[in-house]
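Following: one structure in structure tokens, then a few remarks.
The values are calculated or read from the model by the stated rules, or taken from the named source; none is laboratory data. All figures in this text were calculated on a predicted structure; none of them were measured in a lab. Ideal geometry is used to build each Cβ from the backbone, glycine not excepted, and the neighbour counts take in all protein chains shown. For the accessible areas, the whole protein counts, side chains as well, though only heavy atoms, and no ligand, DNA or RNA atoms are used. Shrake-Rupley method; radii C 1.70, N 1.55, O 1.52, S 1.80 Å.
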Amino acid sequence: MLFQEHKIVNENFSEDENPYTVTEISLIIKQYVESSFKDISVKGEVSSIKIASSGHIYFSLKDENAVINAICWRYVAVKLPIQLEDGMEVICEGSISTYPGRSNYQLIIKDIRLAGEGILLARLEEMRKKLENEGLFDKRHKKALPKIPQKIGIITSLKGAVIQDIIHRLKDRFPTETLIWDVVVQGNEAAGYIIEAIEGLNNLPSHISPPDVIIIARGGGSIEDLWPFNEEILVRAVFNSKIPIVSAIGHESDNTLIDLVADVRAPTPTAAAELITPDKVEIHIKLDKVKATLNNVLPNFINFKKAELKGVLANFKNTITHFEQLDNKLANFTTLLKMNVNSLFKNYEWKIESLKISSTNLMHLTNSCDEKLSNLSWKLTKLYKNKLDEISANLDSSKKLLISYNYQNVLKRGFTLIKNKQKKLITSLNDLDKAQLIEIEFCDGSAFGEFRANVNSKNKSTPQKGNDRKIQNKLPF
């Protein structure tokens with residue numbers, strides 16, 4: 001930059017010449033500076049922001065070696081396209097002004113725009129708002145992760161340490177089949193490779209089973225390094241994936257747009273492996289608890305059902321006795337009815353003989369007796385039918401109750417009965433002898449086998465040494 005020459009000190013300095021006053025030299029400097037630094041652009045980092053009650057903004061603009069004060073007057077501040085924050089890298093347009101009263105200078109701001117990383121942050125925020133308004137980040141679109149994945153797809157670079165961290169963590173926590181798709185995770189072409197991997201895992205050939213969940217991972221880096229994971233086309237590819245996706249990009253402090261659209265965001269690649277798999281140690285502990293519970297509950301349940309079955313059988317016997325009593329009462333009622341009918345006929349015959357009525361009166365009397373006899377027969381038939389229906393309904397009810405408590409239905413739910421060779425039911429391990437032949441009854445048939453174990457004097461089974469197999473409780477899962 002060119003400076004106008006100004007002769008401040010004469011070459012022939014003498015004691016007789018008048019020196020400059022402080023004001024004069026300050027004004028000369030002000031003239032030089034302000035005339036030489038008009039309409040300039042200065043790049044630096046914002047720090048020490050102060051907003052006055054008047055609306056003016058005071059801050060410092062610094063780089064690695066120097067600091068310059070800056071002022072943004074209120075009428076300019078209200079028109080700024082960005083909101084200033086400490087640490088923000090910006091390019092300021094304005095001019096240099098001096099303040100002779102304190103022998104300092106400052107930059108008078110006319111406009112401010114983001115520089116370097118700031119530009120990327122602005123683009124990132126703009127894209128985030130656009131996709132958010134479209135609903136791509138809405139929680140209702142998130143897919144649930146499988147509790148126990150059978151196969152895991154991993155999209156990352158095989159050259160970095162990330163893939164090794166994930167594989168090692170999976171082996172330690174819950175060994176699972178993995179399908180790895182090697183991609184470039186940095187640079188202009190990275191987004192395209194990652195999109196190809198997502199679509200490839202979603203559309204595998206029919207002879208290859210697809211993964212239950214996909215991890216997209218890479219190590220940490222600057223915003224420029226992680227920029228492919230902010231590309232709109234990649235965000236939409238993650239959104240359209242039919243398979244749940246876990247994002248594991250960089251460190252916990254790194255944030256990308258696919259973290260927002262992914263079904264789950266993991267703070268680190270190692271954490272991603274932990275999020276999608278259960279802990280095998282915890283599973284073993286839970287299985288042991290379930291096993292112990294079954295061992296305690298199952299015998300009690302069988303005994304309870306046995307007691308219920310005995311009660312049903314006893315009720316069934318009582319029902320049969322009740323039916324026999326009803327049958328006897330019905331037979332007695334029929335006999336009594338026949339006797340009454342015969343007596344009635346004899347009574348009418350006696351009346352006919354004794355009164356010697358005419359044949360006409362006798363016909364009328366006979367018709368009347370026939371009608372009464374028909375009514376009596378109809379009532380008898382109806383009463384007999386009602387009694388039979390009541391007995392039949394009671395029989396059906398008892399039959400259904402007996403069937404519901406049939407032990408065969410218990411066997412169909414996964415239980416078995418164990419008998420010795422004398423067909424006696426074995427209910428305790430203490431009932432078994434060494435090399436004893438046993439019969440195991442299932443719902444659809446029986447199987448025979450030999451129980452080989454030693455039973456000591458304290459009624460505890462002790463497995464034999466050698467080739468004898470150890471008796472263990474087996475769970476059906």
With an 8 Å cut-off on Cα pairs and a minimum separation of 6 or more residues, tell me the relative contact order of the range 386-456 in percent. 24
What is the projected area of the convex hull of the Cα atoms of the chain, averaged over all directions, in nm²? 60.2
The chain: angle of helix 280-355 to the longest principal axis, Cα-based, in degrees nearest 10: 30
By average Cβ neighbour count within 10 Å, what is the ranking of 425-433, 67-75, 287-295 from highest down? 67-75, 425-433, 287-295
Summing +1 for each Lys or Arg and -1 for each Asp or Glu, what net charge is found among the other residues whose Cβ lies under 13 Å from the Cβ of Cys92? -2
Antiparallel bridges, percent of DSSP beta bridges restricted to the chain (to nearest 5): 65
Say the dipole of the range 48-101 comes from +1 at the beta carbon of Lys and Arg and -1 at that of Asp and Glu; which of Val67, Ala77, Ser48 then lies farthest toward its positive end? Ala77
Taking 0.36 nm per residue of separation between Leu27 and Lys130 and subtracting their Cα-Cα distance, the length gained on full extension comes to 31.8 nm
Could you order Met339, Met88 so the one with the most accessible surface comes first? Probe is 1.4 Å. Met339, Met88
Is it possible to state the helix-based mean residue ellipticity at 222 nm for the chain, with each DSSP H run of 4+ residues giving -39500 (n - 2.57), the sum divided by total residues, to the nearest 500 deg cm²/dmol? What is it? -15000 deg cm²/dmol
Tell me the carbon and sulfur percent of the accessible area for the range 119-265, rounded to whole percent, probe radius 1.4 Å. 51
Cut-off 16 Å, label point 7 angstrom out along Cα-to-Cβ of Lys147: give me the residues of the range 286-312 whose amide nitrogen falls inside. 286-291
Can you list the lysines whose alpha carbon is less than 16 Å from that of Lys399, not counting same-chain residues fewer than 8 positions off? Lys310, Lys317
Of the options Ile208, Phe239, Ile283, report the single residue whose Cα projects farthest towards the positive end of the charge dipole of the range 168-295 (beta-carbon charges: Lys, Arg +1; Asp, Glu -1). Ile283
Rounding to the nearest 20 debye, state how big the charge dipole of the chain is about its Cα centre with +1 on each Lys and Arg Cβ and -1 on each Asp and Glu Cβ. 5580
Given pairs Lys129/Lys242; Lys346/Lys379; Lys147/Lys171; Lys139/Lys291; Lys50/Lys139; Lys242/Lys289 and cut-off 28 Å on Cα-Cα distance, the over-length ones are Lys139/Lys291; Lys50/Lys139; Lys242/Lys289
Just to confirm the number: angle between the C-alpha axis of helix 190-202 and the first principal axis of the chain, 0 to 90 degrees, nearest 10? 10
Going by alpha carbons, how many degrees (0 to 90, nearest 10) lie between the helix axis of 22-36 and the longest principal axis of the chain? 60
Residue-by-residue Karplus 3J(HN,Hα) for the range 250-262, coefficients 6.51, -1.76, 1.60, Hz, glycine and proline x: x, 9, 4, 7, 7, 10, 10, 5, 6, 5, 7, 8, 5
